[in-house]
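Below is one structure, written out as structure tokens; the observations come after it.
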Amino acid sequence: MANPSVIIDHVVLDRKQRSNIPSLVCAFMASLTTGGTTYAFGLYGDALKKTLALSQSQLDTISTSFFFAGLFSWIPGLCADRFGTRFSLSLGGMTGCASLMLYWGVARQFLLVPHDWLVVSLSLLGISIFLSCALVTGSVFKIIVASCGAGTKGSAVGVAKGYVGLGAGAYACLFEAIRTPGQSDLDFLPMAAFFFCCCATLPALILLPSKRQVDTSTNVDDATPLHFRTLFGSLMCMAVLIIGNSLSRLMDASTAAASHRISPNYGMSFLLMGIWLAPVVSLIYLPRRQHALNSGVTVSEEHELDETQESRINDDEKTEQERSIACLSLENMDVPKDEGEDTKKTATDEDEEQSLLRASIEGDEDGEALQESGGVLDRNLMQMLQTPSALLMLWTTTILVGAGTVETNNMGQMVESLGFADSVTPAALALFSVAQSGSRVITGALSESALNWNTRSCCIDNGVPRPFFLVLASILAFFAHAILSVATGEAAFVLGVALAGAAFGMVWPLLVLIVGEIFGTANVGANYMFFDGFTSAAGTLFLSKLVAGEIYEYHIDANAEDKLTCMGTACFRQTQVIITLLSLTCVGTSLVLQFMSRRVYNRSNLHTM
């Protein structure tokens, strides 16, 4: 008589396996394009204002509409879940390229639009650009979460987020290197469109499998520490090059004064693109993990498994996902059974399973019953938003992200109000960018390693859960904005900005990882992109626009000649104090989230993630 477990093993082994390296290459290439476009409005905003004779209010409307599109970013994420990452990533690259070129045509007045419709047209095109970036972003992290296993997922997310964080700085350096004398800042837009097409659309069409191929094959995680060391080196070199290039321009007064008269530096552009793209492409050619024949179990290159060991590992190490797929294929098969053995479930067993699933869906401590059994319930967007864990994380991340956008959107006004030199603004922004990019990479890798640390704390059996790093980010934000609230000198100001950038950067990899681990990977595209877009939109509106803007306007001296500029420490002090207190609440909500999700991060459940 046939053994059902043997049949299950053979069904699993018949399922085609494919390496995740080409998909990761595609994801890493596309990740920098989104950051370079999303955070680059400051590079061409002033030229847009002067070229089209816009008021400051109209320019603010155009820039704000871009971030408000984040309220709808769950739709591109849903597209990645429904139609596959190849379709959504290539579509995002094509629509992003087209939207940027149309934006450039309107801004340069190659496409004539009535003046009364300029703000509306550019706002709608800005929304289209943001949603295109969301299509790319959702696809990138869907690829990583779905194809990477334990031990590599955190590092992969951290690297991708690091590229996103360096995007604006890398694009700024590239544009400054290739621009010709007298060239408009608006010509940055065609460059961004070019990279959208070459680094998002083309790699997706060439390297990514179709949704049908994904559904009929199994990912094999081939990434090794060498792959990630290569990418970490790339990020470090890019960060050094970006900040070094920015500081050299600040120190060279003649270059700064004649920024529109310098000649192109094509050598710098090729160097930066080489540091960015060459390590990513090299992942395809680096040595990969060695796998046992016909199994997804990774073994060391220095050891070979004999037939007995291989058979035992095949039985013990198969993932729950593979077994569930195999069981589905066996539903219509006539499996022989031993005499007297009843293979059918009783009505009582079925009732117990249905009640367990129903209790999980209804939000019984975020599916606590299901998690106790060693699994994580896949929730769609509406089910996720009905859980206390999602609401706690939404509050925490909205405050931390909004605190970061206060710095990026108001850096120039902060420097001006404190009476610092104008050169402090780009230096502080460069430091903020590098700090938040570095924290993205470190948080992703460190939170992955911490899951297996030998400790019996943090409310779990062993190791440190990822929500604990949200606690650290909240504490870091508390100290950063406390320093900024009392800073009167350049050193304290720059220190506060760097710490604020680090806290801001920690949020992004944790969002991807925690959402996938607590709410499942089946709908991670829509679920993550909701957090990504909502936190940017709500945080920017609440803290950057309402709180900071109103306090700034209130402290403008009515008797001063310039009635549009606030001078003095009071201009942003109350804003920083409010953010400091809100960051303290985030410490509490993060601790509660950590407690509520403790069963997900129990050591006995880590293998299911």
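For segment 80-130, which positions are of a type in the set (Lys, Arg) and either buried (at least 19 other Cβ atoms within 10 Å of the Cβ) or out of contact with any helix residue (DSSP H, G or I) (no Cβ under 9 Å at 6 or more places or on another chain) (or both)? Result: Arg86, single match. Looking at Met238, Met273, Met251, just one residue is at pLDDT below 80 and closer than 30 Å to Ala47 by Cα, and that residue is Met251. For Arg212, are the conditions met, namely being at pLDDT 90 or above, more than 18 Å from the chain's Cα centre (by Cα), more than 19 Å from Phe270 (Cβ to Cβ) and open to solvent by 10 Å² or more (accessible area, probe 1.4 Å)? No: the conditions fail for Arg212.
Residues in segment 40-52 include at least one that is surrounded by fewer than 20 Cβ atoms within 10 Å (Cβ to Cβ), at pLDDT 85 or above and part of a helix (DSSP H, G or I). Applying the condition of being small (Gly, Ala, Ser) and in contact with a Leu (Cβ under 9 Å, 6 or more places away or on another chain) to segment 81-104 and asking which residue is modelled with the lowest pLDDT yields Gly84. Selection of first residues in segment 161-181 that are of a type in the set (A, V, I, L, M) and of second residues that are open to solvent by 10 Å² or more (accessible area, probe 1.4 Å) and not in a helix (DSSP H, G or I), restricted to Cβ pairs under 7 Å at least 6 apart or on distinct chains, gives the following pairs, ordered by first then second residue: Ala168/Tyr39; Ala177/Pro264; Ala177/Asn265; Ile178/Pro264. Checking segment 492-502 against the condition returns a match, with at least one residue being open to solvent by 20 Å² or more (accessible area, probe 1.4 Å), in contact with a helix residue (DSSP H, G or I) (Cβ under 8 Å, 6 or more places away or on another chain), part of a helix (DSSP H, G or I) and without any contact (Cβ under 8 Å) to a residue 40 or more places away in the chain.
Has segment 548-565 got any residue that is in contact (Cβ under 8 Å) with a residue 12 or more places away in the chain and surrounded by 24 or more Cβ atoms within 10 Å (Cβ to Cβ)? Yes, the conditions are met somewhere in segment 548-565.
Filtering segment 154-178 to residues that are over 18 Å from Leu277 (Cβ atoms) and either open to solvent by 10 Å² or more (accessible area, probe 1.4 Å) or of a type in the set (Phe, Trp, Tyr) (or both) leaves Ser155, Glu176.
Of Leu484, Leu470, Leu451, all but one fail to be open to solvent by less than 30 Å² (accessible area, probe 1.4 Å), touching a residue at least 60 places away in the same chain (Cβ under 8 Å) and either in contact with a strand residue (DSSP E or B) (Cβ under 6 Å, 6 or more places away or on another chain) or under 30 Å from Cys79 (Cα atoms) (or both); the exception is Leu470. Among the numbered conditions (1) modelled with pLDDT under 90; (2) open to solvent by less than 50 Å² (accessible area, probe 1.4 Å); (3) of a type in the set (Phe, Trp, Tyr), the only one that Phe72 does not meet is (2). Residue count for segment 386-408 satisfying the condition of being under 20 Å from the mean Cα position of the chain (by Cα) and open to solvent by 10 Å² or more (accessible area, probe 1.4 Å): 7. Residues in segment 142-196 that are assigned to a helix (DSSP H, G or I), under 30 Å from Gly105 (Cβ atoms) and of a type in the set (Gly, Ala, Ser): 9 in all.
The values are calculated or read from the model by the stated rules, or taken from the named source; none is laboratory data. Predicted model, so just to flag it, every value in this text is computed and none were measured. Don't worry about glycine lacking a Cβ; one is built from the backbone with ideal geometry, like all the others, and counts go over all protein chains shown. Accessible surface areas use protein heavy atoms only, side chains included; no ligands, DNA or RNA. Shrake-Rupley method; radii C 1.70, N 1.55, O 1.52, S 1.80 Å.
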